[in-house]
């Protein structure tokens, strides 16, 4: 394969084209805009055979795709921060109807005040909407994850959100190996195109129902969501055979003998990995863990990775915030590890608002937890370091 330089948004647009998406509907918002600009340009030039639909808002974009998915079309959109928040109501409709829509969300800080910095609170605010969420750490992973997400969404009948950091990945160029169309077709066949809406057989879809039926629908969604980790593992094995690449549900390095483990998600994982050897030589032995699949969280995999008795401290780096509770990944990890063999303490480094993770800042945070014995009420704020 020939390698090409492309940024995250270009990789996302290319993945949509390679996936033979049939309907794209979107409204531009920074830093997502160039995804849909590239797709619109392909459509105008005749190199993207699907339909590209411009609408007046993110709410309308998701409403349009719900209709397209009901008609059996492979559907895609992209958004960011306030645009994702505007879609919130319809995210529930899409997952409740089990529509296999794929959406990219490019992380950006929520207002107010206004900011363009990457912050994961926008996507994490949607964690209970019933969408699968996958967080990417580099440009190649963005392209590959979008391809995998279409198959995952269509086989599970659960919509999927592919998430990556604004500007850090959306506008940063990296070397990527774009797959051939024949490879993608071998992994991702066209959907059967079975429409839920048939003019010759009119029906009322998603009508008002009683509580017991609605509860059963919720139960079925939950039980299917629980099977997603194993489904992804099987798909990744097939993906590797075709493309020569695969990605774990949870990326980890050096956990066998680590005393302190640094946990994060998104592109910050690249920063941690780049300085991990020097961190281990200066302080106690360090390990690394990155959340990739967040909804559903692969709890058994994470508990097994962090169950070693020598792990004394975990530093969770959160570029998000649930006010009054702290970082969201830290909350999820604390809840997950309750009742497991993990005996260490969990500390938080909070970089909400898009504070940049630098090697110096990471070293200062590690120094602060070196002598600390308890993590209760211990949030280390990046702006204070």
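What follows is calculated from the coordinates using simple rules that are stated; it is not laboratory data. The structure presented is a predicted model; accordingly, all values stated were derived computationally and were not measured. As a convention, Cβ positions derive from the backbone with ideal geometry for all residues, glycine included, and neighbour counts pool all protein chains shown.
Considering only 186, 78, 323, give the residue with the highest GNM mean-square fluctuation for the chain, with springs between Cα atoms whenever their separation is below 10 Å. Comparing 186, 78, 323 in the GNM, the peak value goes to 323.
Helix 211-226 and the long axis of the chain differ in direction by around 60°, with both axes built from C-alpha atoms.
Estimated at 0.36 nm per residue, the fully extended path between residue 30 and residue 363 surpasses their Cα-Cα distance by 116.7 nm.
Rounded to the nearest 0.05, the FRET efficiency derived from the C-beta distance between residue 51 and residue 112 at R0 = 35 Å is 0.45.
Every Cα-Cα pair of the chain was included, and the share exceeding 29 Å stands at 42 percent.
P(r) for segment 253-384, from all Cα pairs and a bin width of 5 Å, is 2, 10, 24, 26, 23, 12, 3, 0 %, short bins first. For the pair residue 155 and residue 323, a Förster radius of 35 Å applied to the C-beta separation gives a FRET efficiency near 0.40, rounded to the nearest 0.05.
Relative to the longest principal axis of the chain, what angle (0 to 90°, nearest 10) does the C-alpha long axis of helix 328-337 take? Helix 328-337 and the main axis of the chain meet at about 70 degrees. Annotation: the antiparallel percentage among DSSP beta bridges lying fully within the chain is about 20. Between the beta carbons of residue 384 and residue 284, assuming R0 = 25 Å, the FRET efficiency works out to 0.65 to the nearest 0.05.
Stretching the chain fully between residue 215 and residue 71 yields a gain of 49.3 nm (0.36 nm per residue, less the alpha carbon separation).
Pick from 321, 289, 337 the residue whose mean-square fluctuation is largest in a GNM of the chain, springs joining Cα atoms under 10 Å. Looking only at 321, 289, 337, the biggest GNM fluctuation is shown by 337. On a 0 to 90 degree scale, rounded to 10, what angle separates helix 58-70 from the longest Cα axis of the chain? With rounding to tens, the tilt is 60 degrees. Stretching residue 89 away from residue 233 to a fully extended chain increases their span by 48.8 nm, per 0.36 nm per residue minus the current alpha-carbon distance. When the Gaussian network model of the chain links Cα atoms closer than 10 Å, the mean-square fluctuations of 269, 83, 111 top out at 111.
Annotation for segment 143-178 versus segment 1-62: alpha-carbon center distance of 12 Å.
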